[in-house]
1. Evaluate the distance, in nm, between pseudo-label points positioned 7 Å from the Cα of B:Gln262 and of B:Asn85 along their respective Cα→Cβ axes.
2. Mind checking B:105-112 for the average number of partner chain beta-carbons within 10 Å of each residue's beta-carbon?
3. For segment A:221-333, give the magnitude of the charge dipole about the Cα centre (Cβ charges: +1 Lys/Arg, -1 Asp/Glu; no others), in debye to the nearest 20.
4. Relative to the Cα centre, what is the charge dipole magnitude of the protein assembly as shown, using +1 at the beta carbon of each Lys and Arg, -1 at the beta carbon of each Asp and Glu, and rounding to the nearest 20 debye?
5. In this model, which of B:Lys384/B:Lys437; B:Lys188/B:Lys241; B:Lys191/B:Lys430; B:Lys74/B:Lys122; A:Lys185/B:Lys188; B:Lys72/B:Lys327 are farther than 25 Å apart at the alpha-carbon?
6. Let me confirm one metric for peptide B:81-89, namely the mean number of other chain beta-carbon atoms within 10 Å of its residues' beta-carbons.
7. Based on the Cβ-Cβ distance of B:Ala225 and B:Ala168, what FRET efficiency does E = 1/(1 + (r/R0)^6) give at R0 = 30 Å, to the nearest 0.05?
8. Explain nothing, just the number: dipole magnitude of segment B:279-438 about its Cα centre with +1 on each Lys and Arg Cβ and -1 on each Asp and Glu Cβ, in debye rounded to the nearest 20.
Amino acid sequence: MSPDTAMTATAPAAEAAVRKGPPGAARGRRPGRIRRIGLPYLLLLPALLLELLVHLVPMVIGIVMSFKELTQFHIRDWGSAPWAGLDNYTVSVDFDAPVGKALLHSFLVTIAFTLLSVGLCWLIGTAAAICMQDGFRGRGLLRALFLVPYALPVYAAVITWVFMFQHDNGLVNHVLHDQLGITGKPSFWLIGDNSFAALLTVSVWKGWPFAFLIVMAGLQNIPRELYEAAALDGAGMIQQVRRITLPSLRPVNQVLVLVLFLWTFNDFNTPYVMFGKTAPEAADLVSVHIYQASFVTWNFGTGSAMSVLLLLFLLVVTGVYLALTSRGRRTAP
Amino acid sequence: MRSIRAAATGAVMLSLALAASACGGGSSTGGGSDDSPKELTYWASNQGAGIEIDKKVLQPELDKFEKQTGIKVKLEVVPWSDLLNRILTATTSGQGPDVLNIGNTWSASLQATGALLPWDAKNFDRIGGRDRFVDSALGSTGADGQDPAAVPLYSMAYALYYNKQMFADAGIDGPPATWDELVAAGKKLSKDAKWGLGAEGSNPAENVHHAFVFAEQHGADFFTADGRADFTGDATVAAVKQYVDLMAKDEIIAPGNAEYAQNQSVSDFAKGRTGMLLWQSASANLKSQGMSEDAYGIAPVPVQSGTPGAGKQVNSMVAGINLAVFKNSDNLDGATEFVKFMTSDAEQRILNTAYSSIPPVEAAQEDPAFASPANAVLRDTLAKSAVALPQVPDESQFETAVGTAIKELFADAAAGRAVTTDSVKAALTKAQQQMPKK
């Protein structure tokens, strides 16, 4: 607490110094500088403390748990759980043994799911934003409509999809099978291999409006003159998008893709609401997998170790991504 | 400048206040106490057709208890999908209810956490003694050789519910007594978008209950005598396959049932879409869905041959709900008092009638209310041919692992993939690998 008390103690002197005249005055310089440097930190303090409480403390506890053998015999008193050393980690990454193999499978499913979902979200969002760039009647209405999936509460939205995907009475089978006759017999969407497609559909439906919103905001910053000049030079729509829109959106896209990636990779709500505690193998996302691994074996140490591994992976991906994109930005004209 | 300083000071104060209040949560001590003798929190499991119905059933009884003792009971009805996790969370944090319902099959698992008050002779004496309860119900209250972790509250057993009209229309004389007869009846019923039998293919717990009975009938156990998981024996594989084959080979369960997990099979039966249902104490649920009691019959769950009994003639698990006291309750005396009230003869009659279950208290069971033909089947089953699920610490893990394996087998069957001895064995092998190492 000493910096704060020092702050309040020196504040009157500093104020006097400011009142006295230009910052060149010898007596006023030091406290003034402390305040200049200190004030931002002081204002950040509440956020930092909350961040510490809400994020860092549970994270540290999770990391500690991952080194313990925290089973049902010990959950009542964590302190009594024996230290497991690196056992939880070796079990998780032993890809020849069942636990590690299942984790690897789930990890690969998640990677495929994330790449597809982020790619589609970005593509649809960007395409929609570009199409909506020029004013036309009903644009405002369409924009609002596009944002609905993003505004809906996750549970309500996903449970509606679950009803639509039901085998016997679902809307999807009704349209695909009964009306269009595309499938020979009604398909299962919530169990078996199709569950991947079902999950991807819901994820893209839920995620693309965010991409749309961000890209739309980014487009507002591109000067219209650029397009006019390009049009005069004979550039068509495609060329304008390629040569003007996309390069101008680069900084926006960099953040957008990263955020979408992290959200999608970590998404727990969508698969959990769709499939419950035990997801079908084809749609076994790593977040639900870890949850299930913790609660099937009641071994929260292993679950924590898996979570820590996931955290490390995401840190590496984020770090590499930021390093690559920021280098690109420096070399960009 | 002044305003900036004020803002900064305010920010510091605010963050300190937040930090202080966030750390100010209750501290949990290991043992219980009698610090708040006038209040209890009770977590009830969802026994009625909906949570509101449970509240309607229970609240008048809790009011009665308050009148007798002056202790106010705060009721929360917890859905089955959340109950075990809620109990685990309460165990971990030490912040839980005083009295709670647990699925009786979880008794040994939760007993191992040490979170529940053991019912030793002294505690049993306070609620009228251990011998008030039926033996089969006491068999599902914790591991052998340890003091029970809970006392029985409601007892249930599986029975075969069949639609009388559909049976008559299909020319079936009476309820099937063996699985062969059940399959034959099912084939006669499965036509015109109607099906022979309903199942909850995506509900791990339901899957395990059926698989357990089939395993008993094949003479197989899921656990060795010393409590190790053993899911892959030939008899166990054959048992699980026989259950999944009702959909895969015999085709008397609609493929759509593979994704059922919200009791849709009960609705299907109530609406006459399926002719038979294997369920525990379904009467109250069927009534709430508008199916009158004359419309269906209740028979014992089939066996391979002969009549239900012990050993390979087992045809149900001992299903039911136990009542447990959270060890670090701050009203241990009141909690025990409440257990005494809930297991009293009078309350047992009222509650078990409301939930169409059987009282695990002997004196209450003799009440004529439980002598109806429907209840007679359940009572007989519990008395003669029901066995408790394994009472081992890993029981709840077993339910999830094996139940999920069967869920995936049903998914295969529904998608038209072959369910073979090998594929069943592979699924069960995977389930066994998920079990905690010994």
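1. 1.6
2. Counting other chains' Cβ atoms within 10 Å and averaging over B:105-112 gives 1.
3. 380
4. 4460
5. Pairs exceeding the cut-off: B:Lys384/B:Lys437; B:Lys191/B:Lys430; B:Lys74/B:Lys122.
6. Mean inter-chain Cβ contacts per residue within 10 Å come to 2.
7. Calculated transfer efficiency: 0.05.
8. Roughly 720 debye, rounded to the nearest 20.
Read-outs: derived from the displayed coordinates by stated rules, not from any lab. Small disclaimer: the values here were computed from a predicted structure and weren't measured. Reconstructed Cβ throughout: ideal geometry from the backbone, glycine too, with neighbour counts over all protein chains shown.
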